[in-house]
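Visitor: I'd like to ask some things about the structure below.
The values are calculated or read from the model by the stated rules, or taken from the named source; none is laboratory data. All values derive from a computational prediction rather than experimental measurement. Cβ sites come from the backbone with ideal geometry, for glycine too, and all protein chains shown count toward neighbours. Side chains included, ligands, DNA and RNA excluded: accessible areas come from the protein's heavy atoms. Shrake-Rupley method; radii C 1.70, N 1.55, O 1.52, S 1.80 Å.
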Amino acid sequence: MTKKIRSSEITSENVYLSRRNFMKSAALFGGAAILAACTNVKTGDEIPTDVPNSTLDLTSLDNVTKYNNFYEFTTTKDEVHKLSKDFQSSPWQLKSGGLVNNPTTLGIDDFKSSFDIEERIYRMRCVEGWSMVIPWLGFSLNSLIDLVEPKAEAKYLRFETLYDPEEFPGQETDYFKWPYVEGLTIEEAMNDLAILSTGLYGNDLLPQNGAPIRLVVPWKYGFKSIKSIVKIDFVDVMPTSLWMAAAPNEYGFYANVNPDVDHPRWSQTTERRIGEGGRIATQIFNGYEQEVSYLYNGLDLAKNF
Ligand SMILES: Nc1nc2c(c(=O)[nH]1)N[C@H]1C(S)=C(S)[C@@H](COP(=O)(O)O)O[C@H]1N2
Ligand SMILES: [Mo]
């Protein structure tokens with residue numbers, strides 16, 4: 001009998017996923033999408049024929065919540081969870097506007113009641129060369145786009161993290177231009193893989209993971225998945241992200257995971273899966289090529305990094 005999740009990952013804290021829900025989420029991805037990159041291919045007799053007989057091993061809840069990048073708190077990954085524990089993520093409002101017909105401000109409960117919250121198991125590849133597999137809870141960004149009705153001139157989405165140096169000690173340093181900003185083309189934002197996440201491992205997001213709401217775009221380097229979002233603007237010019245402003249020769253707008261385009265200071269051909277030994281091959285678009293490559297037809301991915 002094959003388990004979708006290693007029994008060693010199942011603890012009292014993270015038994016969250018009924019087999020039924022898991023199969024639902026596995027089916028959502030049409031199998032190949034989440035499974036092709038699998039480094040621990042498993043076979044078994046328990047798996048329906050329409051779902052490939054392999055899966056991803058989840059990164060442990062402990063690693064997902066204690067090894068974090070959230071520069072608003074600190075640049076020390078294993079300190080983020082300690083420094084963020086008193087972060088006030090409620091009440092919270094996310095304002096969506098700009099070039100839209102229906103500007104909308106919603107609280108987190110509004111999001112949860114208006115949109116279908118699904119589980120999405122995605123690989124996350126940090127530009128630094130490590131990766132995780134995380135069971136997110138969230139809803140398709142596309143459903144918010146439908147709600148606000150972008151005007152024809154809207155070409156990009158520009159996302160902003162809360163600016164509040166009292167909550168975020170890191171924002172008192174002027175090494176970065178705060179607040180954290182990220183962007184997507186509207187076509188990217190409409191791709192079904194792009195979600196706004198409100199939770200992981202079956203529970204609400206903890207502060208260190210971007211409570212109460214953050215973006216998840218699994219085919220791009222992790223830094224695109226902006227945390228603790230307060231604003232989404234639909235705009236007609238390409239947004240300048242925090243990372244583009246900080247180091248334009250190192251971080252471009254697209255930031256698609258690409259083993260063939262090295263970071264100026266290191267190779268991107270392999271990655272270290274947190275909690276596992278050794279290094280594994282990094283895949284183009286982080287393994288989601290089938291789902292997203294149409295977005296980049298005719299684009300030189302080395303120039304548009
Ligand atoms: N606002 C904000 N969002 C952010 C970051 C950050 O420092 N600030 N770090 C990014 C980076 S580099 C990564 S790899 C992921 C990490 O997400 P996780 O800690 O939830 O795994 O969040 C991204 N989103
Ligand atoms: Mo990252």
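Visitor: Report yes if some residue within segment 101-116 is of a type in the set (V, I, T) and closer than 21 Å to E289 by Cα; otherwise report no.
Guide: No; the residues of segment 101-116 include none that is of a type in the set (V, I, T) and closer than 21 Å to E289 by Cα.
Visitor: Would you mind stating whether T49 is modelled with pLDDT of 95 or more and among the hydroxyl-bearing types (S, T, Y)?
Guide: So T49 does not fit the description; no.
Visitor: Something else about it: Looking at P248, P259, P264, which is the one that is open to solvent by less than 60 Å² (accessible area, probe 1.4 Å) and more than 16 Å from L184 (Cα to Cα)?
Guide: None of the others qualify; the one that does is P259.
Visitor: From S143, S197, which residue is among the small types (G, A, S), at pLDDT 95 or above and surrounded by fewer than 20 Cβ atoms within 10 Å (Cβ to Cβ)?
Guide: Among S143, S197, only S143 is among the small types (G, A, S), at pLDDT 95 or above and surrounded by fewer than 20 Cβ atoms within 10 Å (Cβ to Cβ).
Visitor: Looking only at segment 153-167, decide whether some residue is outside any strand (DSSP E or B), open to solvent by less than 40 Å² (accessible area, probe 1.4 Å) and in contact with a Ser or Thr (Cβ under 6 Å, 6 or more places away or on another chain).
Guide: yes
Visitor: Follow-up. For the structure I just gave you, tell me whether I134 is over 21 Å from G183 (Cα atoms) and within 16 Å of ligand 1 (Cβ to nearest atom).
Guide: yes
Visitor: Has segment 10-21 got any residue that is acidic (D, E) and at pLDDT 50 or above?
Guide: So far as segment 10-21 goes, no, none of its residues is acidic (D, E) and at pLDDT 50 or above.
Visitor: Now a separate question. What pairs come out if I take residues in segment 141-157 that are hydroxyl-bearing (S, T, Y) and pair them with residues that are open to solvent by 10 Å² or more (accessible area, probe 1.4 Å) and assigned to a helix (DSSP H, G or I) whose C-beta lies under 7 Å away, six or more apart or interchain?
Guide: Listed pairs, sorted by first residue: Y156/I186.
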